Structures are given as C-alpha cells and as structure tokens.
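Heads up: the structure comes next, in structure tokens.
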Amino acid sequence: QDPSHTCHLCLYSHVFVSCCSVVECSDRGVYKVPHGIPNNSSFISLKNNFISSIRMDLLHHLTSLQFLILSNNWLTDNSLRGVFKEGILALKHLYLDNNHLETVPVDLPRSLEDLSNNQTLNLSHNQLTSVPMGLPPSIIELYLKGNLIKQLHERTFIGMTKLEVLDFSGNKLTNDGLGNSLNVTHLESLNLEANQLEQVPQTLPSSLKVLNLGSNLISSIKKVAFSNLKKLELLSVARNKVFEVAAGAFRALSFLHQLDFSHNTLQKVPRLLPRNVHSVSLSNNRIRSVPADAFCWGNQTLTIGRRVHVELENNLIDSGTLDPKVFRCIHENLVVHF
C-alpha cells in the first residue's frame, strides 16, 4: 500500500480522493459501504465496523479491485446475495471472517466461481456448517477457522489444483466427517487443530509440508500414520491424548525438522525420531525414560552436526539418571530443557 494513494472516505469527502487506489475505512463505526469509491481502487478495507448489508451498485464498477476486506462486521447470508455476481472479476483476496454467515447463499458459489482471479478467501469465525461448493479453482489460500463444520463432501475440492493453504481449525470435524475429501494435489499446509479427530487421518495429500493436528482426541500413533507424507517439514500433535507412538512412525519423514508432541500422556520419548529434526517438543507429558534408539539409531557411528533442541519440561524424568548415550550422535550440538 502506498500512503500517498490512500484515501479515507469515512473521514473526508470523496471529492478530494478521486485518484486514490487504496480505500481505508477500518475501525470507523460505519454501518454501510461508503459512496464515492474511486473506480481505480485496488484495495478496500472496511474491517471492524457494523456493516450489515452491501448495495450491489457500489462495487460493480470497481474493475481493478484486488483486495476486499470485510472482516468483523455484521454480514449475514442475505447481505451477500448477488454482491459478487458481476463487475469485480479482478478480485484476488476476499476476507469475510468474523461475520454472521450461517451458510453460503445459493447464488454465491456461482458468483465466487466467476471470480476467476480469486487467490485468498477467508470465511473464518462465522457460523458455517458446510463448505461451499463451486469455489474458484484459482484459490491458493482458504481459511474456514472457527465455524461449525462437521462433515466435508468428497467433491468439495475437486478442480482446486492451486490450493496450497487450508485452515479448518476450530470446527467439529471427525475422522468420518473428513472422509476422503482432502484430495488436493498441491496442498502444502493443513490446519486441523481443535476438531474432534480420534486418529491421524489416513487420506491426507502427499504434498503436505505443514500439518497441525493439535487439540484433538488422538490417543495413539500407528506405524503407518505418516507413511504417505514424505515431504512433511512441520508436524504438531500437541494437546491430544497420545500415550503411545509406534516405533517407525516417523521413518518416512526425512524432511521433518520440527515435531511437537507437548501436552499429551506419553510415558517415554518416541523411538526412531526423524534424523533431520531440529526441534522436538515433548513438554508436559508423563515421560520417565528416553529409549536408546530415540535420537540415535541405524548407523552407530553417525554424528549429527546440526543443533537439536529438545524440550522435556514438566515430565517425570530424572535427568540425573539419564544415560548420556541416548544423545551420543548429537551430544556436541544438543540443547535439552528439563
């Protein structure tokens, strides 16, 4: 955003700002979209207001609009009916989070599909119970955090080949509700934190690099849990009920460098941890021991040159009786917090 081209329609008359490309009307206590938005506007922020309806004719002339931020208003399903149907086809980033949407209106999926350039869609913190069908195939980032979604249709993401970031945290998804819906070929980041999953989903995209399964109901990790996720770099299973991790569960994760199993009920450090891990968080468990093959396994002469951080705070382990050989391959670059 260039400050010299930013106008404040909620403070000044549009007569003085006819050439601005950025319209900033956030936190102004307005109840409607202001008149006089310049035709060449590319960025409009109306977040943190009391807008409950949008006149269609106020946006349809904005052929250069790329960012539209309507976060934290009073918009409902009817408020958006027909708003995006025509005119603003250049829109790339649409933020509708923190409103009062319960469903996506019947004509909205079709209109969203017309937004062929849309790259970011944020519908977080509404009251949605399902994911709208017919979303633009151009979407790269989709945020649905903090809704009431229990189940996904298996065809929800068909054709969305550009989707890289998907956030479903804070919903009501179960393993059955998730099903085989996440058939997204290029997805890199998936957030399923704070749902109702009882096990690691078995049909996750092999393209994933970041996976957050924190704050669910997972109690054990099977040996094949992550076998398909060979590109994974960051994994969080924090704040679950995990008491057991099968040996070899991380064997396929050669690129994993950050692992978080904090706030579970583990009684020992998992065996055969990823070789390239940089950070392992195991704090707030019930750990009493560290197996000899937890960090150093396979080639007995292998020495790891990188620094490794291990967090073991708030466990039942006695650091004084810990066999130093368990860290034999990383002892020169090891930082352990008890």
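Here are the numbers for the structure shown:
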{"quantity": "For the chain, with +1 on Lys and Arg beta carbons and -1 on Asp and Glu, the positive-most of L190, T156, I69 along the dipole", "calculated": "L190"}
{"quantity": "Under 11 Å, Cβ to Cβ, from N315 - net charge with Lys/Arg +1 and Asp/Glu -1", "calculated": "0"}
{"quantity": "Estimated Rh, the chain: Kirkwood, alpha-carbon pairs, angstrom", "calculated": "22.4 Å"}
{"quantity": "Sorted by Cβ neighbour density within 10 Å, fewest at the top, the residues M160, M56", "calculated": "M56, M160"}
{"quantity": "Net charge dipole size for the chain [Lys, Arg +1 and Asp, Glu -1 on Cβ; Debye, nearest 20]", "calculated": "840 debye"}
{"quantity": "Computed label-point distance, nm, for sites E141 and D293 using a 7 Å Cα→Cβ extension", "calculated": "4.2 nm"}
{"quantity": "Student exercise, segment 219-338 dipole from Lys, Arg, Asp, Glu Cβ charges, in Debye to nearest 20", "calculated": "420 debye"}
{"quantity": "Mean Cβ neighbour count within 10 Å, used as a protection proxy, ranking 242-251, 32-41, 256-265 highest first", "calculated": "256-265, 242-251, 32-41"}
{"quantity": "Within straight-line cross-link reach of K172, lysines at Cα separation under 16 Å, skipping those fewer than 8 residues along the same chain", "calculated": "K145, K150"}
{"quantity": "Order of W74, W297 - criterion: other Cβ atoms within 10 Å of each residue's Cβ, fewest first", "calculated": "W74, W297"}
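All of the numbers you see were taken from the coordinates with simple rules; none came from a lab. These numbers come from a predicted model, not from an experiment. Note: ideal-geometry Cβ built from the backbone for every residue, glycine included; neighbour counts use all protein chains shown.
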